[in-house]
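What follows is calculated from the coordinates using simple rules that are stated; it is not laboratory data. Not measured: the values here are computed from a predicted model. Virtual Cβ from ideal backbone geometry, glycine too; neighbours counted across all protein chains shown.
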Amino acid sequence: MRVLGIESSCDETAAALVTETGEVLADVVASQIAMHGPYGGIVPELASRAHMQAIIPVIREALAKAPGGLGGIDAIAVTRGPGLVGSLLVGVQVAKALAWSIGKPLVGVNHLDGHLLAVYLRRPGKDELQDGPAMPYVGLLVSGGHTALYRVEASDDIVLLAQTRDDAAGEAFDKAGKLLGLGYPGGPVIDRLAARGDSGAFSFPLPMASRKILDFSFSGLKTALARHVQQHGVPDDEQELADLCASFQGVIIESLVRKSILACKQEELDQLVITGGVAANRGLRIRAKEVCEDNGIQLFVPPPISCTDNAAMIAMAAAHRLAAGEQDDLSFAVYSRDPDRRRGKFRRDGSLVERK
Ligand code: KG4
Ligand code: ZN
């Protein structure tokens, strides 16, 4: 079976072809980063227009790699949310039109499910066709819009354990990048600079340091960095800038890793998946590996190309739903926020007070 995946929830227009076993046959991503860069963040209206321009060429390029083109496709998968509504509509409308025209099943996918199931993608030559974890596992989804821990019991039974109380980790990286004049997005640049820096050079408070609380918080850290820059300015010296990036990044990594291990212990699971754009961070990958080894936890981190937004993960999530005999009809709507997960406020002990 070949699933055509389409993703347009944020600032990447993507299309991919994936088999039911997760083999990636084609994977095309058109990024809008250069366009949004001057604004220091994503401008939704510009994003929608850029998706309109890119969507057909991107799908054509992916299909060019399938024998039989569109006729060789067995199903179509598309991100239906969460994301920017104007952007989502572009992918969803094209996906509906294609599915209708070729009379094949259509599956609307939750973008976060895509990230969590990206671990089952197999890219020949890239990740040695490594098998993913057996469910259940703990998933840390760490991206520009989300930072959350999940218990992935089955592909249709994903329970939110905890999430950030304020900023997502990727958002903290991006805001820090802006403060330090490093451009947008800040994550990859800070990652590069931090690799040359000393993470002990500057001291920033570890957020939510309590050993019992699972949720995250990164806005205080961002404020601490802003205060530092206000008092001392952005370092002129390259080494000092690298040290500042390493110290800031180090605190984010420590928080992500500690809470993930705590989640594994609380859930009595010994497999951890880290995914989402921030999972491309080299410092996080290295530290998570060390700490998981110390705690007897098996770590799975997809290659960076599967961690950042892509359409292969959307096709993968759809393949799981199709295997369970599920598909959507052509009338489904998009959503900006995640409707399937429990949301609410966390008590001091980390338990959730659900919001209706
Ligand atoms: O998953 P993603 O591509 O899009 C969302 O769904 O949000 O994640 C994008 C986020 C951005 O905030 C970006 O700065 C961050 O991932 N990111 C990184 C790295 N690569 C991307 N953060 C830290 N280190 C990286 N190497
Ligand atoms: Zn994403």
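So in the range 137-301, what percent of DSSP beta bridges are antiparallel if you round to the nearest 5?
Antiparallel: roughly 60 percent of the beta bridges in the range 137-301.
Which whole DSSP H helices in the chain pass both tests: a Cα extent of 18 Å or more along the axis and a mean Kyte-Doolittle value no lower than -0.5?
Helices passing the filter in the chain: 44-63, 85-102, 238-267.
Taking the simple approach of a point 7 Å from Cα along Cα-to-Cβ for both residue 1 and residue 329, what is their distance in nm?
Placing both labels 7 Å beyond Cα along the Cβ direction yields 2.1 nm.
Please state the charge dipole magnitude for the chain, taken about the Cα centre, from unit charges on C-beta atoms (+1 on K and R, -1 on D and E), reported in debye and rounded to the nearest 20.
720 debye
With a 10 Å Cβ neighbour count serving as the proxy for reagent exposure, in which order, fewest first, do 61, 20 appear?
61, 20
In whole Å and largest first, what semi-axes does the C-alpha gyration tensor of the range 14-121 yield when each eigenvalue is scaled by 5 and square-rooted?
So the equivalent ellipsoid measures 24, 16, 14 Å along its semi-axes.
So between residue 195 and residue 31, what do we pick up on full extension, going 0.36 nm a residue minus the alpha carbon distance?
Additional length available on full extension: 56.6 nm.
Normalising by the residue count of the chain, find the relative contact order in percent from Cα pairs under 8 Å and 6+ residues apart.
23 percent
If I stretch the segment between residue 154 and residue 240 completely, what's the gain in nm (0.36 nm per residue apart, minus their alpha carbon distance), one decimal?
Working it through step by step, the gained length comes to 26.4 nm.
I need the fraction of alpha carbon pairs in the range 137-301 separated by more than 30 Å, rounded to a whole percent.
Percent of Cα pairs beyond 30 Å in the range 137-301: 14.
So, in nm, how far is label residue 60 from label residue 178 when the simple model puts each one 7 Å beyond its Cα toward the Cβ?
Modelled inter-label distance: 3.6 nm.
Could you tell me which residue out of 206, 295, 152 lies farthest along the dipole of the range 137-301 toward its positive end? Charges go on the beta carbon: Lys and Arg +1, Asp and Glu -1, centred on the Cα centre.
The one lying farthest along the dipole's positive direction is 206.
Just flag the GluC sites (Glu not before Pro) in the range 116-181 sitting in loop per DSSP whose Cβ has no more than 10 other Cβ atoms within 10 Å.
Answer by residue number: 128.
With springs connecting C-alpha atoms under 10 Å apart, model the chain as a Gaussian network and identify which of 56, 253, 158 has the largest mean-square fluctuation.
Comparing 56, 253, 158 in the GNM, the peak value goes to 56.
Give, in nm to one decimal, the length gained when the segment between residue 258 and residue 85 is fully stretched (0.36 nm per residue of separation minus the Cα-Cα distance).
58.9 nm
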